[in-house]
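*Asks:* Pasting a structure below so you can have a look.
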Amino acid sequence: MGSTMLALPAELTLKGATATLRTLEPAIAAEPGPVITLDASALKQIDSSALAVLLQCRRQAEARQTSFQVINAPCRLTELAQLYGLQDLLELKA
């Protein structure tokens with residue numbers, strides 16, 4: 001079984017964080033593969049809520065003993081993660 005690639009939306013702010021989680025959580029729960037990969041390349045507008053969404057997705061993946069990664073992270077997301085001390089926990093990849 002391979003990894004699953006899930007795409008993040010262009011906007012991930014407080015306004016849409018709950019809706020994004022409602023979309024991602026069932027997809028993560030249904031994935032039988034060993035790795036969940038979130039593609040952040042579409043992200044254009046974010047705030048700290050994006051970090052909360054990523055942390056929740058990571059927790060869900062860990063609960064299933066599944067690896068979790070975020071790829072194509074925009075600079076702004078990486079900067080926010082560094083500001084909050086989450087860069088190592090989220091393992092963001094540019």
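*Asks:* Could you go through region 3-13 and let me know if any residue there is of a type in the set (D, E, K, R) and loosely packed, with under 15 Cβ neighbours inside 10 Å.
*Replies:* Looking through region 3-13, none of the residues is of a type in the set (D, E, K, R) and loosely packed, with under 15 Cβ neighbours inside 10 Å.
*Asks:* Then there is this: Residues of region 1-34 being over 14 Å from the mean Cα position of the chain (by Cα) and basic (Lys, Arg), which ones?
*Replies:* 15
*Asks:* Yes or no: residue 29 without any contact (Cβ under 8 Å) to a residue 12 or more places away in the chain, out of contact with any strand residue (DSSP E or B) (no Cβ under 6 Å at 6 or more places or on another chain), surrounded by fewer than 17 Cβ atoms within 10 Å (Cβ to Cβ) and not in a loop (DSSP other than H, G, I, E, B)?
*Replies:* Here the answer is no, as residue 29 does not meet what is asked.
*Asks:* For region 83-92, state whether one or more residues are touching a strand residue (DSSP E or B) at 6+ places or on another chain (Cβ under 8 Å), at positive phi and at pLDDT 95 or above.
*Replies:* For region 83-92, residues touching a strand residue (DSSP E or B) at 6+ places or on another chain (Cβ under 8 Å), at positive phi and at pLDDT 95 or above: absent.
*Asks:* Residues in region 40-48: is at least one under 14 Å from residue 91 (Cα atoms) and either touching a residue at least 60 places away in the same chain (Cβ under 8 Å) or among the hydrophobic types (A, V, I, L, M, F, W, C) (or both)?
*Replies:* Within region 40-48, one or more residues are under 14 Å from residue 91 (Cα atoms) and either touching a residue at least 60 places away in the same chain (Cβ under 8 Å) or among the hydrophobic types (A, V, I, L, M, F, W, C) (or both).
*Asks:* Tell me, which helices (runs of 4 or more DSSP H) wholly within region 48-94 include 3 or more residues that are buried (at least 16 other Cβ atoms within 10 Å of the Cβ)?
*Replies:* Passing ranges, in order: 49-63, 75-83.
*Asks:* Do you know which residues across region 39-60 are farther than 15 Å from residue 22 by Cα, touching a strand residue (DSSP E or B) at 6+ places or on another chain (Cβ under 9 Å) and of a type in the set (A, V, I, L, M)?
*Replies:* Result: 40, 42, 43, 46.
*Asks:* Here is a further query. Under the condition of being of a type in the set (S, T, N, Q) and part of a strand (DSSP E or B), which residue from region 32-47 is surrounded by the fewest Cβ atoms within 10 Å (Cβ to Cβ)?
*Replies:* 45
The values are calculated or read from the model by the stated rules, or taken from the named source; none is laboratory data. All values reported here derive from a predicted model rather than from experimental measurement. Glycine also receives a Cβ, built like all others from the backbone with ideal geometry; neighbour counts cover every protein chain displayed.
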